[in-house]
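The block underneath contains the structure these notes are about, expressed in structure tokens.
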Amino acid sequence: MKNILEVRGLSFGYTPDLLLYKDFSLSLKVGEIKAVVGASGSGKSTLFELILGNLKPLSGTLEVPSLSQVFQDPYTSFHPAYSIINQIADVAPLEGLETYLEEMNLERHLLEKKPHELSGGQLQRCSIVRALLMKPELLLLDEPTSALDNVIQLDVMKLLLKHLDTTAMLLITHELDLAHWCADEIIEIEDHK
């Protein structure tokens with residue numbers, strides 16, 4: 001099976017004398033999940049910004065497939081003034097919505113609400129539904145379960161892993177136990193301070 005994400009010889013730093021990445025390479029196939037771990041400020045989220053094309057590398061190449069992202073803080077990933085369903089429909093077809101809602105243990109009427117009317121856990125599960133409806137080849141997960149309690153954390157990760165037959169996943173986490181439990185490979189980003 002071919003790699004769908006291919007990062008080769010990546011170098012990047014916010015200042016030329018302090019590189020977060022030097023000749024860094026990474027590849028992912030559908031069916032794989034890799035975890036990126038490291039201290040705060042080590043550059044984990046910067047890697048996602050590079051993959052998303054929001055930052056340009058100093059050198060190296062990135063071949064990136066269709067992707068979607070689940071952010072750490074669900075309240076910043078939804079506009080406060082619009083209903084959840086409108087924001088999902090803006091970026092993804094709603095085909096399969098009922099199945100995902102059932103998987104995530106969400107009631108349909110919650111989608112008619114605005115983000116601040118939901119709990120952090122409910123809103124994070126909505127953001128996962130939105131990401132899955134986009135049918136990405138690559139799912140970027142930035143601390144996706146940090147807004148959830150431990151029992152729901154595990155349930156949500158199990159539900160995400162069920163979708164590995166159609167997607168690859170790159171997970172940022174501080175939780176080493178979670179990384180060891182779910183990841184095919186753990187990529188440790190060194191602190192450059």
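The values are calculated or read from the model by the stated rules, or taken from the named source; none is laboratory data. Just so it is clear, the model here is predicted, and its values are computed rather than measured. Neighbour counts run over all protein chains shown; Cβ positions are idealised from the backbone, glycine included.
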*asked:* What are the pairs with Cβ atoms under 9 angstrom where one residue, in region 110-123, is among the basic types (Lys, Arg) and the other, located anywhere, is assigned to a loop (DSSP other than H, G, I, E, B)? Sequence gap at least six, or different chains.
replied: 113/83; 114/78; 114/79; 114/80; 114/81; 114/82; 114/83
*Given 119, 77, 146, 127, which one is buried (at least 21 other Cβ atoms within 10 Å of the Cβ), of a type in the set (Ser, Thr, Tyr) and modelled with pLDDT under 95?*
127
_Given (1) touching a Ser or Thr at 6+ places or on another chain (Cβ under 8 Å); (2) within 19 Å of residue 163 (Cβ to Cβ), index of the condition residue 32 fails_ = (1)
_Which condition from (1) touching a helix residue (DSSP H, G or I) at 6+ places or on another chain (Cβ under 9 Å); (2) surrounded by 11 or more Cβ atoms within 10 Å (Cβ to Cβ); (3) closer than 30 Å to residue 188 by Cβ is the one that residue 47 breaks?_
(1)
*Looking at (1) in contact with a helix residue (DSSP H, G or I) (Cβ under 7 Å, 6 or more places away or on another chain); (2) modelled with pLDDT of 95 or more, which is the one condition that is false for residue 90?*
(1)
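With at pLDDT 95 or above and crowded, with 20+ Cβ neighbours inside 10 Å as the only criterion, which of 20, 55, 28 stands out?
Numbers: 20 fails: at pLDDT 95 or above; 55 fails: crowded, with 20+ Cβ neighbours inside 10 Å.
Result of the check over 20, 55, 28: 28.
Okay, residues lined up against (1) aliphatic (A, V, I, L, M); (2) under 30 Å from residue 5 (Cβ atoms):
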| site | (1), (2) |
| --- | --- |
| 72 | no, yes |
| 75 | no, yes |
| 94 | yes, yes |
| 119 | no, no |
| 126 | no, yes |
| 129 | yes, yes |
*Can you confirm whether region 4-11 contains a residue that is among the hydroxyl-bearing types (Ser, Thr, Tyr), in contact with a Lys or Arg (Cβ under 9 Å, 6 or more places away or on another chain), at negative phi and buried (at least 18 other Cβ atoms within 10 Å of the Cβ)?*
no
_strands (runs of 3 or more DSSP E) within region 59-154 that include 2 or more residues out of contact with any Asp or Glu (no Cβ under 9 Å at 6 or more places or on another chain) and of a type in the set (A, V, I, L, M)_ = 138-142
*Which residues, counting only those in region 53-88, are closer than 17 Å to residue 144 by Cα and aliphatic (A, V, I, L, M)?*
67, 70
*State yes or no: is residue 164 aliphatic (A, V, I, L, M) and either crowded, with 23+ Cβ neighbours inside 10 Å or over 15 Å from residue 34 (Cβ atoms) (or both)?*
no
*Could you tell me which numbered condition residue 8 fails, if it satisfies all but one of (1) touching a Ser or Thr at 6+ places or on another chain (Cβ under 9 Å); (2) at pLDDT below 95; (3) of a type in the set (D, E, K, R)?*
(2)
*Which one of the conditions (1) at pLDDT 95 or above; (2) closer than 20 Å to residue 165 by Cβ; (3) of a type in the set (A, V, I, L, M, F, W, C); (4) surrounded by 20 or more Cβ atoms within 10 Å (Cβ to Cβ) does residue 134 fail to meet, given that it meets all the rest?*
(4)
_Can you report the number of residues in region 105-128 which are under 22 Å from the mean Cα position of the chain (by Cα), over 19 Å from residue 151 (Cβ atoms) and of a type in the set (A, V, I, L, M, F, W, C)?_
1
